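The values are calculated or read from the model by the stated rules, or taken from the named source; none is laboratory data. Everything numeric in this text was worked out from a predicted model, so none of it was measured. Backbone-built Cβ (ideal geometry, glycine too); neighbour counts: all protein chains shown. Keep in mind that these areas ignore ligands, DNA and RNA; they rest on the heavy atoms of the full protein, side chains included. Shrake-Rupley method; radii C 1.70, N 1.55, O 1.52, S 1.80 Å.
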Amino acid sequence: MTVDALTDVAGVRVGHATCIGDGWLTGTTVVLAPEGGAVAAVDVRGGGPGTKETDALDPRNLVQKVDAIVLTGGSAYGLDSASGVMAWLEAQGRGVRVGPDPTHVVPVVPAACVFDLGRGGDFSARPDAATGRAAVEAAAASAAGARVREGCVGAGTGATTGPLKGGIGTASVVLDSGVTVAALVVANAAGSVVDPETGVLYGELFQGRVDYPEVQVHEAARRRLAESQAKNARPPLNTTLAVVVTDAELSKAQAQKLAGTAHDGIARAVRPVHLLHDGDTVFALATGARALDAENPLALNDLLAAGADLVTRAIVRAVRAAESVAGAGGEWPSYEELYGGR
């Protein structure tokens with residue numbers, strides 16, 4: 001049984017740590033790989049990224065596998081949450097072996113952040129090492145194949161998409177070959193996810209038949225968004241993050257190609273993308289449980305295409321799962337409040 005989430009890839013777990021109230025509107029999400037780690041790669045295309053340990057994922061470099069990926073709020077400050085994940089992994093003896101003793105490990109924990117500073121009202125309220133540890137412990141404690149909470153949780157707690165509330169979304173598919181591909185996103189874009197002429201989510205234009213909002217509903221939504229934007233003093237310094245995971249056996253170079261093509265999924269759902277004020281980053285993980293079909297030269301292409309499609313679908317799900325937020329840091333209506341679940 002699948003749950004249409006990142007956890008449909010066997011052995012992969014997801015944990016959120018959500019910080020809300022008293023000036024907080026932020027959090028951290030950890031993607032925990034199976035025991036033994038997963039081949040990992042990354043593709044960074046935003047002009048203002050905030051990342052940690054991404055150089056280690058270059059196919060030319062030493063590290064082949066990682067045990068966890070950290071997605072976090074708090075801009076560059078929030079990258080400290082990766083330290084808590086490292087400490088937890090070290091305690092489990094998981095990481096790159098660097099000495100004769102099994103405990104002599106250095107966990108490599110790539111991380112990327114989104115900008116959500118001050119959205120809860122307190123600019124200094126951001127994730128730290130304790131937040132990261134809470135998120136990885138939640139991942140480890142979750143059941144195999146568990147559903148993944150979407151919307152305003154974890155790294156998506158303070159996320160916005162233009163004038164709308166953003167959040168966490170996830171999706172998966174099993175290809176005809178039997179290979180599973182899945183994606184999880186933090187939708188927090190400076191660009192818009194909504195067609196300004198119709199009110200349709202851009203990402204839904206790639207998912208078949210579209211149910212367009214009534215004209216009066218769209219006009220009311222535009223007025224509400226204009227009012228909300230007038231209350232938000234800070235510019236949209238945002239980022240969309242994604243983790244694409246497969247159970248296929250991939251090299252680091254192939255995983256990097258998967259991360260790169262998955263950016264197409266962001267471009268279908270957000271306009272414009274990869275701006276100077278974005279830090280758009282996609283990680284790819286391959287657990288290696290299934291070999292690609294050597295007799296099918298298009299097997300890798302099918303996987304690459306699926307990764308992009310799933311990122312688009314996950315962004316749509318993130319926006320539709322988000323809930324409106326209004327407080328000292330600003331006001332961000334949700335898409336569902338404005339347009340309903342047509």
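For VAL3, neighbours were defined as the other residues whose beta-carbon sits under 13 Å from its Cβ, and their charges (Lys and Arg +1, Asp and Glu -1) total +1. So how tilted is helix 299-321 from the main axis of the chain? Cα-based, degrees 0 to 90, rounded to 10. Here the helix axis deviates by roughly 40 degrees. Working note: Karplus 6.51/-1.76/1.60 with θ = phi - 60° gives segment 245-260 the couplings 10, 9, 8, 6, 8, 10, 7, 4, 5, 5, 5, 5, 5, 4, 4, x Hz, where Gly and Pro are set to x. Accessible surface computed residue by residue for segment 47-141, with neighbouring protein chains in place and a 1.4 Å probe, gives 42 Å² per residue. Annotation: amide H of GLY279 within the under-5 Å range of GLY48, THR239, THR240, sequence separation 5 or more or interchain, hydrogens built in the peptide plane. Around ALA190, with a cut-off of 11 angstrom between Cβ atoms, what is the net charge of the other residues, counting Lys and Arg +1 and Asp and Glu -1? Local charge sum for ALA190: -1. A protection proxy built from the mean count of other Cβ atoms within 10 Å ranks the segments 1-13, 139-151, most packed first, as 1-13, 139-151. Dividing the helix sum by the residues of the chain, where each DSSP H run of 4 or more adds -39500 (n - 2.57), gives a mean residue ellipticity at 222 nm of -8500 deg cm²/dmol. Ordering 26-38, 178-190, 314-326 by mean Cβ neighbour count within 10 Å, with the highest value first, yields 178-190, 26-38, 314-326.
With the charge dipole of segment 57-103 set up from +1 on Lys and Arg Cβ and -1 on Asp and Glu Cβ about the Cα centre, the Cα lying farthest toward the positive end among the listed residues VAL96, GLY78, LEU62 is that of LEU62.
With the convex hull drawn over the C-alpha atoms of segment 25-67, the volume per residue is 91 Å³.
Per residue, the convex hull spanned by the Cα atoms of the chain amounts to 122 cubic angstrom.
Here the accessible area is traced with a 1.4 Å probe on the protein chains. For the chain, carbon and sulfur cover 51 percent of it. When peptides 207-219, 248-260 are ranked by their average number of other Cβ atoms within 10 Å per residue, the highest-first order is 248-260, 207-219.
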